[in-house]
Amino acid sequence: MSLAVIGMIAGMALGFAGYFGGFGAFLLVAALGAVGFVVGRLLEGDLDIGDFFRARDGRRR
């Protein structure tokens with residue numbers, strides 16, 4: 001499945017949540033989608049958990 005189709009499905013899910021559940025449901029679906037995306041990237045090995053905790057300049061504080 002291409003990224004365009006996945007993006008379209010995600011947009012439709014957010015649209016349905018916003019229409020039927022209001023803005024709060026829209027935010028909940030968007031937040032859970034973002035969490036799912038990050039977890040998926042972690043499980044695939046494309047993202048390292050240490051990337052979230054390292055200093056930007058490479059030095060430890």
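What to note about this one:
- Scanning region 29-45 for residues being more than 25 Å from ALA13 (Cα to Cα) and either open to solvent by 90 Å² or more (accessible area, probe 1.4 Å) or in contact with a helix residue (DSSP H, G or I) (Cβ under 6 Å, 6 or more places away or on another chain) (or both) gives a total of 0.
To keep it simple, each residue is scored yes or no on (1) at pLDDT 80 or above; (2) not in a helix (DSSP H, G or I).
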site: GLY7; (1), (2): yes, no
site: LEU14; (1), (2): yes, no
site: GLY22; (1), (2): yes, no
site: PHE26; (1), (2): yes, no
site: ASP51; (1), (2): no, no
site: ARG56; (1), (2): no, yes
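The values are calculated or read from the model by the stated rules, or taken from the named source; none is laboratory data. Note that the structure is a prediction, hence the values are computed from the model and not measured. Heads up, the Cβs are rebuilt from the backbone with ideal geometry, glycines too, and the neighbour counts pull from every protein chain shown. When the accessible area is computed, the model is the full protein with side chains, heavy atoms only, and any ligands, DNA or RNA have been set aside. Shrake-Rupley method; radii C 1.70, N 1.55, O 1.52, S 1.80 Å.
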